[in-house]
Amino acid sequence: MNPNQLIQLKKETLRWIFSISAAVVVYLVIAGITKAIYHPDIDSLKNIAAKLLVEPVYVRPEPIEALLFRLGVIIIIPSLPGFYILFSKFQLINILAKNPVYIFLSALFLALLIALIYFDFAALNPYGPGGGDVPQNTRDESSLTNFDFYFGGLFLGNYLWFYTLILVPLAGCLFFIGFKKYNWDNSKSFKTITSIIGYFVIGCTVAAIILMNTFAFPYSADNKYDFGAVYYSMTQVYAGSYACGSFYKYLRA
């Protein structure tokens with residue numbers, strides 16, 4: 001990779017770092033204002049459910065969560081290209097790309113991303129043992145953390161440190177050495193092979209998501225509804241279930 005290509009790569013990285021950060025900040029501000037002023041009467045919804053349903057204990061109306069999800073879609077998706085265009089015009093990006101501060105900003109962004117992922121999966125499962133809430137399915141009864149709920153018993157969950165400390169670093173080193181020492185990125189055959197592999201992996205992933213949400217999740221029928229594209233707040237509003245979604249739609253009607 002020649003110096004000009006490296007500078008362009010740094011500029012592109014900085015544009016996306018600032019664009020993603022700005023979009024998230026805008027969403028957090030609007031979400032905070034929304035939570036401060038929007039206070040739906042959840043208790044009244046539960047009281048109505050107790051008169052209409054056989055098992056009202058499973059009714060958990062989440063109009064705030066549903067609204068925050070919609071705001072996220074409306075705000076973050078158009079904000080990303082908008083901020084990208086905006087930051088592409090900033091001369092500051094060009095200055096930072098040629099300055100050692102680029103390494104600091106990239107490392108800081110990566111550290112924040114890793115921390116966010118860690119704390120999300122390390123958080124206690126609210127419906128698990130000690131979570132203080134009624135378990136929603138059989139996996140909740142044995143899943144202490146969010147990571148246990150999603151990955152417990154799977155290959156990734158059992159060999160997490162193998163992926164984190166061995167496989168991923170080795171793959172990263174392989175690519176960096178190939179790019180810097182052998183200029184693989186300028187090789188037509190390398191681009192063709194990586195494109196084929198990339199499209200194949202993406203296709204398999206999309207197919208797996210469709211199959212999991214259409215037929216069955218590999219190890220738990222319950223997790224099909226929690227790990228797929230119908231996560232709890234979305235289920236209530238869009239997909240509908242006898243205990244939650246249909247009831248919420250009934251109240252809105």
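Please treat every number below as a calculation from the coordinates, not as lab data. Worth saying up front: this structure is predicted, and the values here are computed from it rather than measured. With ideal geometry, Cβ positions are generated from the backbone for all residues, glycine too; neighbour counts draw on all protein chains shown.
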| said: Working only with C-alpha atoms, what are the Rg and Dmax values of region 89-200, expressed in angstrom? | reply: 20.6, 57
| said: Could you order the peptides 164-174, 117-127 from most to least packed, using the average number of other C-beta atoms within 10 Å per residue? | reply: 117-127, 164-174
| field | Built amide H within the under 5 Å cut-off of T145, gap 5+ | value | N125
| said: What does the C-alpha gyration tensor say about the overall shape of region 146-217? Classify as rounded when a/c is under 1.5, otherwise prolate if a/b is larger than b/c, or oblate. | reply: oblate
| message | Can you work out the Karplus-derived ³J(HN,Hα) for every residue in region 134-150? Use 6.51 cos²θ - 1.76 cosθ + 1.60 with θ = phi - 60°, whole Hz, and x for glycine or proline. | response | 6, x, 8, 7, 5, 5, 4, 5, 10, 10, 6, 10, 5, 5, 4, 5, 7
| With θ set to phi - 60° and the Karplus curve 6.51 cos²θ - 1.76 cosθ + 1.60, what are the ³J(HN,Hα) couplings of region 39-49 in order, to the nearest whole Hz, using x for Gly and Pro? | 10, x, 7, 5, 4, 5, 5, 5, 5, 5, 4
| message | Apply the Karplus curve 6.51 cos²θ - 1.76 cosθ + 1.60, θ = phi - 60°, to the phi angles in region 187-196 and return the couplings in whole Hz, x for Gly and Pro. | response | 8, 5, 5, 5, 4, 5, 5, 5, 5, 4
| said: Strictly over 30 Å apart at the Cα level, which of K10/K191; K10/K35; K10/K181; K10/K188 would you flag in this model? | reply: K10/K35
